[in-house]
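*Asks:* Pasting in a structure now, in structure tokens, and then I'll have a few things to ask.
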Amino acid sequence: CVATAGWGRLLLEPGFLLFILAAGLIQSSHAVLYGFGTIHWLAVGYDKDTIGLLWAVGVAVEVGLFAAGRRLLHHIGPVGLLLIGGVAGIVRWTLTGLTSALPVLFVVQALHGLTFGGTHLGAVYYIARRMPPGLAVSAQGLYGALAQGALFGLAMLGAGALYDALAGAAFFVMAGMCVAGCACALAL
């Protein structure tokens, strides 16, 4: 099959697996938040309207980043954006694990623009700039399947057990995933 041959070639491309791990670990670090963020915030006493605002802040900043992303990429490049997303994740998940203070939560939710949006934008541009033209579509497919699919799925499977055992401290494990993602990005 032609697609399978493309995937095999991609797996041999220098840096492709490191790229998948970097983007996948940083993106997958959202698992505890996506699975248990609302439950966690309800448990610490916030009402549904406040929680809705927390989610909205993250989405609004992400949209803003996509609007300004081209200029940002011009200055720091796709791997730089992956690193910024990972560092923002380390800060975001560490603070989320340390406190449930509402002002801090609004700030860390604003970091979603970098942790999710910045990482995704960096990944898409990494593929566009670094993959051979004939493999770009296969690279995009593998990025989606592996980084956003398989790695994220595994993280979600573990998120329930993590949150059950650690409650809010489960976010520290997500920060560790971002540390690992940054290490992979640095190796690129």
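The values are calculated or read from the model by the stated rules, or taken from the named source; none is laboratory data. Predicted model, so just to flag it, every value in this text is computed and none were measured. In this analysis, Cβ positions are derived from the backbone assuming ideal geometry, glycine residues included, and neighbour counts consider all displayed protein chains. For accessibility, only protein heavy atoms count, side chains too; no ligands or nucleic acids. Shrake-Rupley method; radii C 1.70, N 1.55, O 1.52, S 1.80 Å.
*Asks:* Hey, could you check segment 66-94 for residues that are among the β-branched types (Val, Ile, Thr) and open to solvent by less than 60 Å² (accessible area, probe 1.4 Å) and say which is farthest from residue 122 (Cα to Cα)? Write out each step before concluding.
*Replies:* In the first step, residues of segment 66-94 are kept if they are among the β-branched types (Val, Ile, Thr); the result is 76, 79, 84, 87, 90-91, 94.
Imposing the further condition that a residue be open to solvent by less than 60 Å² (accessible area, probe 1.4 Å) reduces the set to 79, 90, 94.
Numbers: 79: 6, 90: 17, 94: 22 Å.
Result: 94.
*Asks:* Within segment 122-143, can you find the residues that are touching a helix residue (DSSP H, G or I) at 6+ places or on another chain (Cβ under 7 Å) and open to solvent by 10 Å² or more (accessible area, probe 1.4 Å)? Full working, then the answer.
*Replies:* Here is the first cut: in segment 122-143, the residues touching a helix residue (DSSP H, G or I) at 6+ places or on another chain (Cβ under 7 Å) are 122-123, 125-129, 131, 135-136, 138-140, 142-143.
Passing the criteria: 125, 128, 129, 131, 136, 138, 140, 142.
*Asks:* Residues that are in a helix (DSSP H, G or I), in contact (Cβ under 8 Å) with a residue 24 or more places away in the chain, over 15 Å from residue 179 (Cβ atoms) and within 11 Å of the chain's Cα centre (by Cα): does segment 87-106 have at least one?
*Replies:* Within segment 87-106, none of the residues are in a helix (DSSP H, G or I), in contact (Cβ under 8 Å) with a residue 24 or more places away in the chain, over 15 Å from residue 179 (Cβ atoms) and within 11 Å of the chain's Cα centre (by Cα).
*Asks:* Within segment 151-182, track down each residue that is in contact with a helix residue (DSSP H, G or I) (Cβ under 8 Å, 6 or more places away or on another chain) and free of Cβ contacts under 8 Å to residues at least 12 places away in the same chain. Show your work before the answer.
*Replies:* Keep residues of segment 151-182 that are in contact with a helix residue (DSSP H, G or I) (Cβ under 8 Å, 6 or more places away or on another chain), which gives 151-152, 154-156, 158-160, 162-163, 166-175, 177-182.
Of everything in segment 151-182, just one residue is in contact with a helix residue (DSSP H, G or I) (Cβ under 8 Å, 6 or more places away or on another chain) and free of Cβ contacts under 8 Å to residues at least 12 places away in the same chain, namely 166.
*Asks:* Follow-up question, since we're still on this one. Which condition number does residue 119 fail, the rest of (1) over 15 Å from the mean Cα position of the chain (by Cα); (2) open to solvent by less than 50 Å² (accessible area, probe 1.4 Å); (3) β-branched (Val, Ile, Thr) being met?
*Replies:* Unmet condition: (1).
*Asks:* Now for a separate question. Mind checking which residues of segment 16-60 are of a type in the set (Val, Ile, Thr) and open to solvent by 60 Å² or more (accessible area, probe 1.4 Å)?
*Replies:* 39, 44, 59
*Asks:* Please identify the pairs in which a residue from segment 46-69 that is of a type in the set (Lys, Arg) has its Cβ atom under 8 Å from the Cβ atom of a residue that is open to solvent by 30 Å² or more (accessible area, probe 1.4 Å) and modelled with pLDDT of 95 or more, counting only partners at least 6 apart or on another chain.
*Replies:* 48/42
*Asks:* For segment 99-114, give me each residue that is within 18 Å of residue 175 (Cβ to Cβ) and either of a type outside the set (A, V, I, L, M, F, W, C) or surrounded by 15 or more Cβ atoms within 10 Å (Cβ to Cβ) (or both).
*Replies:* Going through segment 99-114, the residues within 18 Å of residue 175 (Cβ to Cβ) turn out to be 99-101, 104-105, 107-114.
Answer for segment 99-114, where residues must be within 18 Å of residue 175 (Cβ to Cβ) and either of a type outside the set (A, V, I, L, M, F, W, C) or surrounded by 15 or more Cβ atoms within 10 Å (Cβ to Cβ) (or both): 99, 100, 105, 108, 109, 110, 111, 112, 113, 114.
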